[in-house]
1. Binning every alpha carbon pair distance of region 40-104 at 10 Å from zero, what are the percents per bin?
2. Report the antiparallel proportion of the DSSP beta bridges in the chain as a percent, rounded to a multiple of 5.
3. Could you tell me how far the Cα centroid of region 95-162 sits from the Cα centroid of region 51-76, in Å?
4. When Rg is the radius of gyration of the Cα atoms in region 106-187 and Rh is its Kirkwood radius, what does Rg/Rh come to?
5. Just check region 38-147 against the gyration tensor rule for me: Cα atoms, a ≥ b ≥ c as the square roots of the eigenvalues, rounded for a/c under 1.5, and otherwise prolate or oblate depending on whether a/b exceeds b/c.
6. Where in the chain are the helices, taken as whole DSSP H runs, whose Cα atoms extend 30 angstrom or more along the long axis and whose Kyte-Doolittle mean reaches at least -0.5?
7. Ranked highest first by average number of other Cβ atoms within 10 Å, how do 86-94, 159-167 line up?
8. Which whole-Hz ³J(HN,Hα) couplings does region 152-167 yield from phi under the Karplus relation 6.51 cos²θ - 1.76 cosθ + 1.60, θ = phi - 60°, glycine and proline marked x?
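Readers should treat all values here as calculations from the given coordinates under stated rules, not as data from a laboratory. Since this is a predicted model, take the numbers as computed values, not measurements. Ideal geometry is used to build each Cβ from the backbone, glycine not excepted, and the neighbour counts take in all protein chains shown.
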Amino acid sequence: MTLTLPIPAPLRAVTLRTGTAPTVPPAAPEAAPTEAALAAAYERGLRDGEHRLRDQLLAQRQEFLEYQRGVLAALQQALPEVRRGAEQHLIALALEAAQRVVAGLPVSAELVTATVREALAQVEETSRVVVALSPADLALLTPAEWPGIEFRADPSLARGDCLVHTPFGVVDARRETKLANLREAVLT
């Protein structure tokens with residue numbers, strides 16, 4: 001059997017062989033990339049790297065800002081508590097210092113007189129009033145300067161302490177009571 005194919009143009013580089021596979025002409029070697037193509041590829045790679053780096057930096061910056069916000073929020077919550085604690089400790093320290101200063105003051109006639117006057121200022125009526133002082137403090141006063149007031153030595157009282165007995169109750173002007181009242185006033 002013969003096969004006839006009409007071909008409008010002459011064939012080039014075609015050989016007919018029977019019983020064997022047709023041969024494919026070898027491919028032309030690829031042309032080496034030009035310097036311009038290499039430069040363009042380099043620039044494209046550089047841009048891609050810069051974009052990736054920028055994206056990473058933005059992500060890290062966002063993460064850092066989140067950490068920063070968390071730390072600031074924690075500090076804002078902690079600072080009032082630290083301030084309150086420090087304030088309480090400073091008040092306690094000031095009270096302790098005041099107690100030591102007062103305890104170290106020498107007891108004089110002026111101090112005893114001032115203590116008695118302060119205690120009597122809390123009494124509305126001075127009739128039938130008995131002022132109790134330590135024996136050493138009572139020796140510093142002149143009871144005649146206090147008409148209508150009875151003075152009594154009380155060995156259980158410390159130097160600088162004073163108790164005023166009235167028909168309505170007792171005015172406690174002991175140093176420890178004054179410091180306790182001061183402590184309660186400033187700590188509440």
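1. Here the calculated profile for region 40-104 is 18, 18, 15, 14, 12, 10, 7, 5, 2, 0.
2. Approximately 60 percent, going by the DSSP bridge assignments.
3. Region 51-76 and region 95-162 have Cα centres separated by 68 Å.
4. Dividing the radius of gyration by the Kirkwood radius yields 0.96.
5. prolate
6. In the chain, the long hydrophobic H runs are 35-104.
7. 159-167, 86-94
8. So the Karplus estimates, Gly and Pro as x, are 9, 7, 10, x, 7, 8, 7, 4, x, 8, 8, 10, 10, 9, 10, x Hz.
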